[in-house]
Amino acid sequence: MNPRMLSTPTACPDCDLLQRVPPLPPAGMARCARCGCTLARQPADPRDLPLALAMAAGVVFVIANTTPLMELSVVGRTASTTILGGAYEMWLQGEQLTGVLVGFCAVLAPAGYLLFMLTLLIAARRSPVPWWIGEMLRWAHHLRLWSMLEVMLLGILVALIKIAELATVDAGIGMFAVGALLLLFPAIVVNFDTRDIWERVEWADSDTATPEPPATRATQSMP
């Protein structure tokens, strides 16, 4: 954990109590001494594991967008499509707004999030952390909120149930890849220590120390 985080009081997000976070062991967490809210969490492998998960998600994301999601067979005729192919078909059918939303939320936003995360995790290995990391963290957060792969997958499953009565439907490799992404994205979020990156950016850019108000000490616990 960053030395500045140990000396600078942290305000509890629930009760606003100022307290200092103690050194945390791997996989440990600090809770508020008053209300028990989680103040900080130390991942078991704060740098290598998130990077490995982000790289795996990048490979799976490429597979999900280049292989068919499903294959439909009706009276001897077969058709298949990808995520981008489905969004493009919506555009051609006059559903431009829906096609743009599907393309953005299912392709552009997840791609941007993975690109930013890979850049962040690689740049975070430098010392000091580059100043532009803070801005990329903000953008990565916004893009993660717009990455709605689970909503798209739910819509596909509903459509499959309805189409199954009229045609033979076979899930493609892309469908399984999307399912894998739904597991990898939360795993990246859980194992990525955003607070540590923020503190390292501030520490690298700070020239003078600021006065510190009195604070209590947070309680330490293991999950």
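The values are calculated or read from the model by the stated rules, or taken from the named source; none is laboratory data. Keep in mind the model is a prediction, meaning the values are calculated, not measured. Ideal geometry is used to build each Cβ from the backbone, glycine not excepted, and the neighbour counts take in all protein chains shown.
Annotations for the structure displayed:
- Residues in the stretch 86-97 include none that are assigned by TED's automatic domain parsing to the domain that holds Gly174, in contact (Cβ under 8 Å) with a residue 60 or more places away in the chain and either in a helix (DSSP H, G or I) or touching a strand residue (DSSP E or B) at 6+ places or on another chain (Cβ under 6 Å) (or both).
- Which listed residue is closer than 29 Å to Gly179 by Cα and among the small types (Gly, Ala, Ser), from Gly134, Gly99: Gly99
- Residue that is nearest to Pro186 (Cα to Cα), among those in the stretch 138-168 that are surrounded by 12 or more Cβ atoms within 10 Å (Cβ to Cβ) and of a type in the set (Gly, Ala, Ser): Ser147
- Number of positions in the stretch 126-137 that are surrounded by 14 or more Cβ atoms within 10 Å (Cβ to Cβ) and not in a helix (DSSP H, G or I): 2
- Picking from residues in the stretch 75-99 that are among the β-branched types (Val, Ile, Thr) and surrounded by 12 or more Cβ atoms within 10 Å (Cβ to Cβ), the one that is farthest from Ile163 (Cα to Cα) is Thr98.
- Any hit, the stretch 105-125, residues being surrounded by fewer than 18 Cβ atoms within 10 Å (Cβ to Cβ), touching a residue at least 40 places away in the same chain (Cβ under 8 Å) and in a loop (DSSP other than H, G, I, E, B): yes
- Residues satisfying the stated conditions in the stretch 123-162, i.e. under 22 Å from Leu84 (Cβ atoms) and basic (Lys, Arg): Arg144
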